[in-house]
Amino acid sequence: MLSALEPGCSNPTRLATEANLAYDRLSRLLEELERRGLVRRDAGEVCMTREGARFLSEYRRWRSFLDAFGL
């Protein structure tokens, strides 16, 4: 979900399409991401926060590490 917001903001409809999610499911996920400070909603768009970008970077780093060991 966060990677779909790189490098900036997107509207919820586009996010739902890219993530192949029903809009109501997307709304619940966005609420949780917003509650955790990873995204913010601004004028009808969803934007990744700095914290969200840091989280995504760390996730990718760990994913790469695990993939290197076949995990």
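A few comments on the model shown:
- Residue within the range 47-54 that is charged (D, E, K, R) and assigned to a loop (DSSP other than H, G, I, E, B) present: no
- Some residue of the range 27-38 being of a type in the set (Lys, Arg) and part of a strand (DSSP E or B): no
- Residue within the range 61-69 that is surrounded by fewer than 11 Cβ atoms within 10 Å (Cβ to Cβ), modelled with pLDDT of 90 or more and not in a helix (DSSP H, G or I) present: yes
- Subset of the range 7-25 [surrounded by 15 or more Cβ atoms within 10 Å (Cβ to Cβ), free of Cβ contacts under 8 Å to residues at least 12 places away in the same chain and assigned to a helix (DSSP H, G or I)]: Ala16
- Test: residue in the range 26-46 that is surrounded by 14 or more Cβ atoms within 10 Å (Cβ to Cβ), among the acidic types (Asp, Glu), touching a strand residue (DSSP E or B) at 6+ places or on another chain (Cβ under 6 Å) and modelled with pLDDT of 90 or more: yes
The values are calculated or read from the model by the stated rules, or taken from the named source; none is laboratory data. The shown structure was predicted, so the numbers you read here are calculated from the model rather than taken from an experiment. Cβ atoms come from the backbone with ideal geometry, glycine included; neighbour counts cover every protein chain shown.
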